[in-house]
1. In terms of modelled amide H atoms, which long-range or inter-chain residues lie less than 5 Å from the amide H of B:I47?
2. Per-residue mean of other chain beta-carbon atoms within 10 angstrom of the beta-carbon, peptide B:39-46?
3. Roughly how many Å is it from the Cα centre of the range B:1-40 to that of the range A:16-35, as a whole number?
4. Across the range B:23-39, in residue order, what do the Karplus-derived ³J(HN,Hα) couplings come to in whole Hz, using 6.51 cos²θ - 1.76 cosθ + 1.60 with θ = phi - 60° and x for Gly and Pro?
5. Less than 12 Å Cβ to Cβ from B:S12, Lys/Arg counted +1 and Asp/Glu -1: what total charge do the surrounding residues give?
6. At a 1.4 Å probe radius, which order do A:S27, B:S70 fall into by accessible area, largest first?
7. Based on alpha-carbon atoms only, what is the radius of gyration of the range B:9-113 relative to the globular estimate 2.2 N^0.38 Å?
8. What pairs in A:K26/B:K69; B:K3/B:K52; B:K69/B:K101; B:K3/B:K54 have C-alpha atoms more than 23 Å from each other?
Amino acid sequence: DAGVTQSPTHLIKTRGQQVTLRCSPKSGHDTVSWYQQALGQGPQFIFQYYEEEERQRGNFPDRFSGHQFPNYSSELNVNALLLGDSALYLCASSPGLAGVQETQYFGPGTRLLVL
Amino acid sequence: LAKTTQPISMDSYEGQEVNITCSHNNIATNDYITWYQQFPSQGPRFIIQGYKTKVTNEVASLFIPADRKSSTLSLPRVSLSDTAVYYCLVGDLNYGGATNKLIFGTGTLLAVQP
């Protein structure tokens, strides 16, 4: 079991550019959540995808969008990059139908630097 | 969502037991308490989860008093490799029948020294 995988591991962009980050969930999981973690802060929830639809969304602008594919993998897109978008972007997967005990499994993240 | 308060940092030595307490005065009936561990430049890793009383697994124990307004993560005999940030999360696990989002605070940086 490969667990949650993310690509790329690192990325450097300039202000105004667009970026796409990718995530493959843990085997057997069909829900993908994205988090942004700025340096020294805890991860902040961006949005969650289940059955190819956005189910929940955090307090992030529309520049942040996503997609989930039929194989449950997901993309995070950020348009018009700002310096403040520099962060570690984490993907987490979980079973779609919640049980009593649920955990989310995180990938290693993509480190985005905006210059 | 219940707000959590935990120490910003803690120091310990190898072989000691470490207890990290988290306050969550506004915890709701449906809320569970979950702890995650995070190493630098890695994603958070689930440690333990509980609703009440005591939960123990191969990694840690979680103590929750009857009023559930606080919880304590106990790490037995820590080693240098336990140096990490530990997050206490409180929330309903379910959102419309699916997994709910996680709300992280700033966590507790545990530094284990030789």
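The values are calculated or read from the model by the stated rules, or taken from the named source; none is laboratory data. Remember, it's a predicted structure, so these values are computed and weren't measured experimentally. Counting neighbours? That spans all protein chains shown, and the Cβs are built from the backbone with ideal geometry, glycine included. Just the protein is used for accessible areas: all its heavy atoms, side chains included, with ligands, DNA and RNA removed. Shrake-Rupley method; radii C 1.70, N 1.55, O 1.52, S 1.80 Å.
1. For B:I47, the qualifying residues are B:W35, B:Y36, B:Q37.
2. Working: counts 0, 1, 7, 6, 16, 10, 3, 6.
That average works out to 6.
3. Cα centroid to Cα centroid, the span is 27 Å.
4. Couplings: 9, 8, 5, 9, 4, 9, 4, 8, 7, 10, 10, 10, 10, 10, 10, 9, 8 Hz.
5. That works out to -3.
6. Largest accessible area first, the list is A:S27, B:S70.
7. Against the empirical 2.2 N^0.38 Å value, I get 1.06 for the range B:9-113.
8. The answer is A:K26/B:K69.
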